[in-house]
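Beneath this line is the structure, given in structure tokens, with notes to follow.
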Amino acid sequence: MVSWSKTVIALLVVLLACAATVVGGVPVKEQRLQANFEANVTSGSMPLAVQFTDLSTPGVTGWSWSFGDGTISHAKNPVHVYRRAGAYTVRLVVTAGWKSGQAVRTRYIVVVDPDALSANFTSNVTKGVAPLSVQFTDTSTGAPTRWSWQFGDGTNSTVQNPVHTYSRAGRYTVVLKVGRDTPEDRRRTDVRVAVQYITVTDPNRPVVAFSVNQTRGVLPLAVQFTDASTGPITRYRWWFGDGATSSDKNPVHVYTRAGTYSVKLMAWSATSSAFVEKRGLITVLPPPRAQFTSNVTSGPAPLAVQFQDTTGAADARSWSWRFGDGLTATEKNPVHLFKRPGSYRVTLTITTGSGVITTSVPHYILVKPPRR
């Protein structure tokens, strides 16, 4: 009897589970409605009348519209009038019995105020040399009746299209505030702020430039810097990138360490200054090592050896060879005769236009006893 009761209870649980997942032969998850809609217009001036049309799946029996401005409707295809400017999100919820679905369009309807003010302006120039005369032109919309200009240099104007003269160098922010008195005596205003809109330069400000005779070479590297600046310059300052500076107009600087250097030149006039910087301009290379080869490196005494300089120094001026046996030579590619057995260090020193380079190789030549 107990076993039969347990069987009945288990059967009821299965039936209830099936009833919860299937209604009318269709799974519950497939019973959700597909809500959709469209509007005949999505933007315009207020008051804006919008015709909404339901495009949901067939069989819908209930509609709930939220127009985003605090009003709702339960009509299938309502017409709604937006009376204030703004961007409105529209939501439609549809139902059919126990089924439902919704569609949401964010900022779907955009309504503008045709009477709204929008401050704006242009000018005939935005940069130039002091004194700089600028013609400002009001391009505001919304039919303003009042204008308030701030030119950034402490002066202002209430003229609609003023002409203003900037007498000193600088970068100036221009502010235009427009207003209109409506028939209802409501004061409407709008502002445009143009940050650093006008750039005025000093007529005495130097234009800085320079050139160099070379940008790459081996240590020590002497570079001739030549000023090419224009303007009424009274003094200079050079930064060579290695910690050294100069106040000469056309300095010569010697780089004594390998590396890549940026060079900066600053020039002053009586009233202003300017500079130019060239990054990574000078590359200083370490000096090459002297190199050589020979036709033989060992053999019985007496041993004649042909040496050859393979350094490739284009500015080589002189050569000094030491053969390790007390003898020397000054030819570029000498022949030397080793007369006695032994192991010999060979040293080559080259004097170049930019310095002295050397190399020394121990036990380079091995002279064996003479053959008997």
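Every number in this text was worked out from the coordinates using simple rules, so none of it is lab data. Not measured: the values here are computed from a predicted model. Using ideal geometry, Cβ is built from the backbone for each residue, glycine included, and neighbour counts are taken over all protein chains shown.
Our compactness index for the chain, the C-alpha radius of gyration over the empirical 2.2 N^0.38 Å, is 2.19. If R0 is 41 Å, the Cβ-Cβ spacing of residue 237 and residue 349 corresponds to a FRET efficiency of close to 0.55. For the range 210-285, a/c is not less than 1.5, where a ≥ b ≥ c are the root eigenvalues of the C-alpha gyration tensor, and a/b tops b/c. That puts it in the prolate class. Computed extension length for residue 315-residue 262: 16.4 nm, one decimal, from 0.36 nm per residue of separation with the Cα-Cα distance subtracted. Calculated FRET efficiency, residue 213 to residue 339, Cβ-Cβ distance, R0 = 35 Å: about 0.10 to the nearest 0.05.
For every other residue with a beta carbon closer than 11 angstrom to the beta carbon of residue 120, add +1 if it is Lys or Arg and -1 if Asp or Glu, then tell me the sum. Don't skip to the answer; put the middle values down first.
Numbers: positive: 192; negative: 138, 190.
That works out to -1.
Expressed as a rounded percentage, what relative contact order does the chain have, with Cα pairs under 8 Å and six or more residues apart? Rounded, it is 8 percent for the chain. Largest GNM mean-square fluctuation across 352, 201, 61, computed for the chain with C-alpha springs under 10 Å, falls on 61.
Excluding same-chain pairs closer than 8 in sequence, count the lysine pairs in the chain whose Cα atoms lie under 15 Å apart.
4
Label sites at residue 118 and residue 254, each approximated as a point 7 angstrom past Cα along Cα to Cβ, lie 6.9 nm apart. For the chain, a Gaussian network of Cα nodes joined below 10 Å ranks 362, 286, 162 by mean-square fluctuation, and the top entry is 362. The mean sequence separation of alpha-carbon pairs under 8 Å and at least six residues apart, normalised by the residue count of the range 251-372, gives a relative contact order of 23 percent.
Other residues lying with their Cβ under 15 Å from the Cβ of residue 309 contribute a combined charge of +2, Lys and Arg counting +1, Asp and Glu -1.
Summary of packing: across the peptides 215-226, 288-299, the per-residue average of other C-beta atoms within 10 Å ranks them, highest first, as 215-226, 288-299.
Output the 0 to 90 degree angle, nearest 10, between the alpha-carbon long axis of helix 2-21 and the longest principal axis computed from the alpha carbons of the chain. Orientation of helix 2-21: about 80 degrees from the principal axis. Modelled label positions at residue 297 and residue 89, each set 7 Å beyond Cα in the direction of Cβ, lie 8.3 nm from each other.
Couplings for the range 350-361, taken from phi via the Karplus curve 6.51 cos²θ - 1.76 cosθ + 1.60 with θ = phi - 60°, read 10, 9, 10, x, 10, x, 10, 10, 8, 8, 9, 10 Hz in order; Gly and Pro are left as x.
Express in nm, to one decimal, how much length is gained between residue 165 and residue 283 on full extension, taking 0.36 nm for each residue of separation and deducting their alpha carbon distance.
Contour length minus Cα-Cα distance gives 37.7 nm.
In plain terms, the chain is cut at each of the GluC sites (Glu not before Pro) found in a DSSP loop with at most 15 other Cβ atoms within 10 Å, and the longest leftover piece is 1-183.
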